[in-house]
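The values are calculated or read from the model by the stated rules, or taken from the named source; none is laboratory data. Since we're looking at a predicted model, the values are computed, not measured. Cβ: placed from backbone, ideal geometry, glycine included. Neighbour counts: every protein chain shown. Each accessible area value is taken on the protein alone, full model and side chains, heavy atoms only, with ligands, DNA and RNA left out. Shrake-Rupley method; radii C 1.70, N 1.55, O 1.52, S 1.80 Å.
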Amino acid sequence: MKLTQNQKLAKEITEKLNEELYNLSDSEINKILKLHKDNRDKILNEVAKVILSYNVENDSLNLTSTEKLKLNKKLQDKINDIFKNEAKAEMDKVTKVLKEVTLDKYYSNSYVMSLGLDFTLKKVSDKQLDRIINNTIEGKIFSDRIWDNKNKVAKTLKLEVKKFLNGETNLNNIEKIIKDKYNSNAFNTKRLVRTETARVMEQANEVFAKENNIEYQLFSATLDDRTSKVCSGLDGKVFKYDDTNKPVTPLHPNCRSTLISLPSKDYRPKTRLNNITKERINYKTYQDWKVEQDL
């Protein structure tokens, strides 16, 4: 299926709006990673207090059995508290951004359609929103995966701290070990949030397509900064909405490919071309449109 110029414009607008949603998600990720860094430093400070307060021999701790038991319990409890609070804060932030992204993805599709068609907006119900955000993958919702990631990193850190208290890890290595484990924590979070963002955007896309009788969808890998061979091979291909074999993203972790709903052949965007910059100028921006729709 060859795209008309107007459909190409709809593609460009959709990709731009998607990019803004991914930027919103990345901004939230950065806030979470700042929390990670603060918590990492709390653990390092506790370790530093031990080094300054207890006996050291040959660059390793030399503790009595009583001291080991006491310090191990104290540090284990500290790590448990940190990761429990971190998981809760992370879930709150991720839930908030997924809700915002889901709604904006659905309504930005509506906005693109409204530019050129006689289009009636359908609002997303709370039930639909909850179903999209808490959809399970292999029996787990996103919050389950956050807890799994936190428990895994916390367990590893507690083991490393115990080895440190037993004198098995020297003073020069413990800081690097803790930082490495927290780097793993950050990687898990970033991958989870980016992948979940892609998932809820695409599910909002599918709800929109079904409710508005979209006939065709275009696969776009334009925004995927680490495009896989699978995604790059699909870029630009058009699929029938009801094609059971169509690729529904995310197709891999950190995937940013998407299916773009193609307006009908009657689509005529209400845009004009800026004669100086040669850029297309919308008569009404998405944010202005949202205000008018009371969204």
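May I ask you to rank Glu206, Glu86 by accessible area, largest first, using a 1.4 Å probe over the protein chains only? Please list the in-between numbers first.
Working: Glu206 40, Glu86 0 Å².
These residues rank, largest area first, as Glu206, Glu86.
Starting with the highest mean, order 250-258, 143-151, 31-39 by the number of other Cβ atoms within 10 Å, averaged over the residues of each peptide. Let's see the in-between values first.
Numbers: 250-258: 20.4, 143-151: 17.3, 31-39: 14.4.
The peptides rank, most packed first, as 250-258, 143-151, 31-39.
If you put +1 on each Lys and Arg Cβ and -1 on each Asp and Glu Cβ, how big is the dipole of the chain around its Cα centre, in Debye rounded to 20?
Working: 55 positive and 44 negative charges, 50 e Å.
I would put it at about 240 debye.
Evaluate the charge dipole of region 1-113 about its Cα centre and quote only its size in Debye, nearest 20, assuming +1 on the Cβ of each Lys and Arg and -1 on the Cβ of each Asp and Glu. Let's see the in-between values first.
On the way: 21 positive and 19 negative charges, 48 e Å.
Approximately 220 debye in magnitude.
Ile260's amide H: which non-local residues (gap 5+, or another chain) put their own amide H closer than 5 Å, with H modeled 1.01 Å from N in plane and none for Pro or chain starts?
Leu218, Phe219, Ser220
Please give the calculated 222 nm ellipticity per residue for the chain, where each DSSP H segment of at least 4 residues contributes -39500 (n - 2.57) and the sum is spread over every residue; nearest 500 deg cm²/dmol?
-22500 deg cm²/dmol
Could you give the accessible area per residue of the chain, probe 1.4 Å, as a whole number in Å²?
Averaged over the residues of the chain, the accessible area is 54 Å².
By average Cβ neighbour count within 10 Å, what is the ranking of 239-247, 167-175 from highest down? If you can, show how the numbers build up before the last one.
Values: 239-247: 12.3, 167-175: 14.8.
Packing order, densest peptide first, comes out as 167-175, 239-247.
Got a number for carbon plus sulfur as a percent of region 190-264's accessible area, 1.4 Å probe?
Answer for region 190-264 is 48 percent, counting heavy atoms of protein chains only.
Could you look at region 21-61 and say what percent of its accessible area is carbon and sulfur, using a 1.4 Å probe and all protein chains? Could the numbers behind the result be given before it?
Values: 1040 of 2210 Å².
Looking at region 21-61 in its full context, I get 47 percent from C and S.
Any lysines with Cα under 28 Å of the Lys2 Cα? List them, leaving off those in the same chain fewer than 8 positions away.
Partners within reach: Lys11, Lys16, Lys105, Lys210, Lys229, Lys237, Lys240, Lys246, Lys265, Lys270, Lys278, Lys284.
Rg and Dmax of region 6-126, using alpha carbons, in Å: what are they?
25.0, 79
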